[in-house]
Amino acid sequence: RRFFLFPRAAMTVRRMRRTRTRRLVQLVKPRVTFIVTKKGWEDLLRKTKGRTLVVMLRGEKSLLCHRFEPIFAELSKKKEYSQLMFAKIDLEKLKGISSMVDTSQIKQLPTFVCFRDGKLIETCEANSPTAVKQMLQRVSQSTGIVRLLSQVGQFTGRCLALPLRPVKTVLRPK
């Protein structure tokens, strides 16, 4: 009887764990887009005008890729990286990406690639999650600086468009 009761108890515990994780995932979903076709890749590049796109190049048979997927999903949820867009591509299924990324230079999978305005800005071959986090911090900081400079440019343009008025200076004794 113990033999029959133990698997049933284990099944109920597993179900509870699954439902709890499903509820957690429903509250905060990862923002990772899975690209399957070449058209989907081109559409995503068009949508990311002015934003930074972080792409995980992965292989179906690579165990390291499967280990990095939940880490990549967790990083996409963080508020620090809210201005970045995240995507993952299976290189074995999608062959048409070689126009944007030189796949012959990829030595290991997963490889993380960053694009801004359709241009490659940084690559990182993942050895550890900290290397990926450091790359994301560098890219998000540079994205913030680019946005700040573009906003400053718009602000100075507005200020220069206004007519200048003479300012009266009053000298007061100390």
Discussion item. Report the Rg/Rh value for the range 32-130, based on alpha-carbon coordinates and the Kirkwood definition of Rh.
Written reply: 0.92
Worksheet entry | Spatially proximal aspartates and glutamates relative to LYS49 (Cα-Cα < 12 Å; intrachain offsets below 8 disregarded) | ASP117
Worksheet item: What relative contact order, as a whole-number percentage, does the range 28-155 give when Cα pairs under 8 Å and 6 or more residues apart are counted?
Response: 32
Practice prompt. Please order VAL36, VAL132 by the number of other Cβ within 10 Å, starting at the fewest.
Written response: VAL36, VAL132
Worksheet item: Which value, in debye to the nearest 20, describes the size of the charge dipole of the range 28-155 about its Cα centre when Lys and Arg Cβ atoms bear +1, Asp and Glu Cβ atoms bear -1, and nothing else is charged?
Response: 340
Response to the item:
A correct Karplus calculation of ³J(HN,Hα) over the range 123-135, with 6.51 cos²θ - 1.76 cosθ + 1.60, θ = phi - 60°, whole Hz and x for Gly and Pro, returns 10, 8, 8, 6, 9, 8, x, 5, 5, 5, 4, 5, 5
Worksheet item: Where Lys and Arg each count +1 and Asp and Glu each count -1, what net charge lies around GLN137 among other residues with Cβ under 12 Å from its Cβ?
Response: +1
Item to complete: Obtain the nm distance between the two label points defined at LEU120 and LYS95 by a simple spin-label model: each point lies 7 Å from its Cα along the Cα-to-C-beta direction.
Response: 2.0
Worksheet item: Say each of PHE34 and GLU60 gets a label point 7 Å from the Cα, pointing the same way as Cα to Cβ; how far apart are those two points in nm?
Response: 1.1
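No lab work stands behind these numbers, since they all come straight from the coordinates. Since the model is a prediction, treat every value here as computed from it, not as a measurement. Using ideal geometry, Cβ is built from the backbone for each residue, glycine included, and neighbour counts are taken over all protein chains shown.
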